[in-house]
Amino acid sequence: MLIHCSTKLLSQMKEPQEQPVVQEVHPMYLWRATLLKIERRNAIILMNESNQYTVVLFGMKAKQFNSFNDTITEAIRSALVEENLSQDVIDAYFSKANNITLIHDEEDMKLERACDHAKVVLRERQLIAPSIHQFEITQTLNRLAVENDEGEYIYPNEELYADVEQLVDGSIFNPEAVIL
């Protein structure tokens, strides 16, 4: 998995990041990440390059920055669980994702728009979850229509479902999710 990090985000990490040699990565395993300050707290916005699926982490502390790769992996895994994807799909995604590689990159317009949406949603919420993983905010953001590169409006959660359908045969959803 390759994560393009903004300069602000990389500067928060204690260990200097070396610029690794980057191989071609499928866009489903390519993420962009940036750091925002909202109400004097650190918020990380992660956005998938393939489907513009966004994950929000709010209230990051120094220990989470020190174990950044584990924090990001757990955040993405938790977001997929909250989308009620089956454990087989989640395991298949992470088995093909390999290790996390962080590289420096400048922010792009899609990530800036996701940050703007996240700021609005975070400021509107009266109650922010006690954990750094903001599931309600993540789900709200991913159910808003966003413009893709072709100028069409898409829903990131639906695009995520289409992407992960390629990973496994059969249903991508947790069977317990469809029981009424």
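At-a-glance table
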{"quantity": "Glu106 vs. criteria free of Cβ contacts under 8 Å to residues at least 60 places away in the same chain, part of a loop (DSSP other than H, G, I, E, B) and either exposed (fewer than 15 other Cβ atoms within 10 Å of the Cβ) or of a type in the set (Phe, Trp, Tyr) (or both)", "calculated": "no"}
{"quantity": "Qualifying positions in the stretch 138-180 - out of contact with any helix residue (DSSP H, G or I) (no Cβ under 9 Å at 6 or more places or on another chain), among the β-branched types (Val, Ile, Thr) and either surrounded by 12 or more Cβ atoms within 10 Å (Cβ to Cβ) or not in a loop (DSSP other than H, G, I, E, B) (or both)", "calculated": "Ile154, Val178"}
{"quantity": "Matching residues in the stretch 71-94 - criterion: being part of a loop (DSSP other than H, G, I, E, B) and either surrounded by fewer than 20 Cβ atoms within 10 Å (Cβ to Cβ) or out of contact with any Pro (no Cβ under 8 Å at 6 or more places or on another chain) (or both)", "calculated": "Glu83, Asn84"}
{"quantity": "Residue that is farthest from Gln12 (Cα to Cα), among those in the stretch 41-52 that are touching an Asp or Glu at 6+ places or on another chain (Cβ under 7 Å) and either crowded, with 20+ Cβ neighbours inside 10 Å or without any contact (Cβ under 8 Å) to a residue 60 or more places away in the chain (or both)", "calculated": "Asn51"}
{"quantity": "Which numbered condition Leu111 misses (of (1) touching a helix residue (DSSP H, G or I) at 6+ places or on another chain (Cβ under 9 Å); (2) closer than 22 Å to Pro27 by Cβ; (3) not in a loop (DSSP other than H, G, I, E, B))", "calculated": "(1)"}
{"quantity": "Among the residues listed as Phe94, Phe135, the single one being among the aromatic types (Phe, Trp, Tyr) and under 20 Å from Pro27 (Cα atoms)", "calculated": "Phe94"}
{"quantity": "Conditions (1) crowded, with 19+ Cβ neighbours inside 10 Å; (2) over 14 Å from the mean Cα position of the chain (by Cα); number of the one not met by Phe68", "calculated": "(2)"}
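Matching residues to (1) modelled with pLDDT under 90; (2) within 21 Å of Pro156 (Cβ to Cβ); (3) in contact with a Phe, Trp or Tyr (Cβ under 6 Å, 6 or more places away or on another chain):
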position: Gln23; (1), (2), (3): yes, no, no
position: Leu30; (1), (2), (3): no, yes, no
position: Thr34; (1), (2), (3): no, yes, no
position: Ile38; (1), (2), (3): yes, yes, no
position: Arg41; (1), (2), (3): yes, no, no
position: Asn48; (1), (2), (3): no, yes, yes
position: Thr54; (1), (2), (3): no, yes, no
position: Asn69; (1), (2), (3): no, no, no
position: Leu80; (1), (2), (3): no, yes, no
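The values are calculated or read from the model by the stated rules, or taken from the named source; none is laboratory data. All figures in this text were calculated on a predicted structure; none of them were measured in a lab. Neighbour counts are summed over all protein chains in view; Cβ atoms, including those assigned to glycine, are modelled from backbone coordinates with ideal geometry.
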